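Presented below is the structure to which this report refers.
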Amino acid sequence: MGSLSKIRQQFTEKQTAAANQSRPLEIEELHRAWQQYADYLRENKNPAVQSLELATLRILNETNFEVITANNLEQKFIEQEKRKLNDHLQNAFANKAISFAILVEEREQTTEEQTERPLNKREQFIHIVEQYPLVKELKDRLRLELDY
């Protein structure tokens, strides 16, 4: 019985020592560890790297955080890597209690992110006339009717 209690005591001492070494989540360190894993995926040419880089991280408490993605596809890529990513983060923070949830939130695109649509023929002509007024003068002199 003495050796069994000694083993239990050693085990509890190891657990308390590990708990003392574990670090709570901090946003800068979380981003750094997240980027390290993304770099690892990039080296291995894994397509999930883009989803990890586009994701937003939000800390909930000392051991939990949320990963916010823009669509279901990004969510699926991150879910594929969830187990390995969680192991990486737990090792980085020396905390086995760290976990995360993946959420999908639609993001509004700003005007800078929106791509310009192609101009139709009328808009193209107006754009050319704004740059070169002589084109309009030539059109008027020749009495051309343009089909837009």
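Here, each number is a calculation from the coordinates, and none is a lab measurement. Just so it is clear, the model here is predicted, and its values are computed rather than measured. Because the Cβ atoms are built from the backbone with ideal geometry, glycine has one as well, and the counts that use them run over all protein chains shown.
DSSP beta bridges confined to the stretch 30-105 are antiparallel in about 40 percent of cases. By the beta-carbon count within 10 Å of each Cβ, the least crowded to most crowded order of VAL49, VAL129, fewest first, is VAL129, VAL49.
Under a GNM of the chain (C-alpha, springs under 10 Å), which listed residue has the highest mean-square fluctuation: GLU81, GLU123, GLU13? Largest GNM mean-square fluctuation: GLU123.
Taking 7 Å steps out from each Cα toward its Cβ at SER22 and ALA101 produces label points 1.9 nm apart.
Here the contact order of the chain, divided by its residue count and restricted to Cα pairs under 8 Å and six or more residues apart, works out to 21 percent. In terms of the Cα gyration tensor, with a ≥ b ≥ c the square roots of its eigenvalues, is the stretch 23-104 rounded because a/c is under 1.5, prolate because a/b exceeds b/c, or oblate? Verdict is oblate for the stretch 23-104. A simple rule links phi to the HN-Hα coupling: the Karplus curve 6.51 cos²θ - 1.76 cosθ + 1.60 with θ = phi - 60°, which for the stretch 32-48 gives 5, 5, 4, 5, 4, 5, 5, 5, 4, 5, 5, 4, 8, 6, 8, x, 6 Hz, with x for Gly and Pro.
In the chain, a dipole from Cβ-located charges (positive for Lys and Arg, negative for Asp and Glu) runs towards its positive end, and of LEU85, LEU144, PHE65 it is LEU85 whose Cα lies farthest in that direction.
With a sphere of radius 15 Å drawn around the Cβ of GLU145, what net charge do the other residues whose Cβ falls strictly inside it have (Lys, Arg +1; Asp, Glu -1)?
Details: positive: LYS121, ARG122, LYS136, LYS139, ARG141, ARG143; negative: ASP140, ASP147.
Residues close to GLU145 contribute a combined charge of +4.
Quick one, which of (1) 28.7, 110; (2) 14.2, 39; (3) 14.7, 44 is the actual Rg and Dmax of the Cα atoms in Å calculated for this model? So the structure-derived entry is (1).
Beta bridges per DSSP, both residues in the chain: antiparallel share near 40 percent. Every helix of 4 or more DSSP H residues in the chain counts as -39500 (n - 2.57), and over all residues that averages to -17500 deg cm²/dmol at 222 nm.
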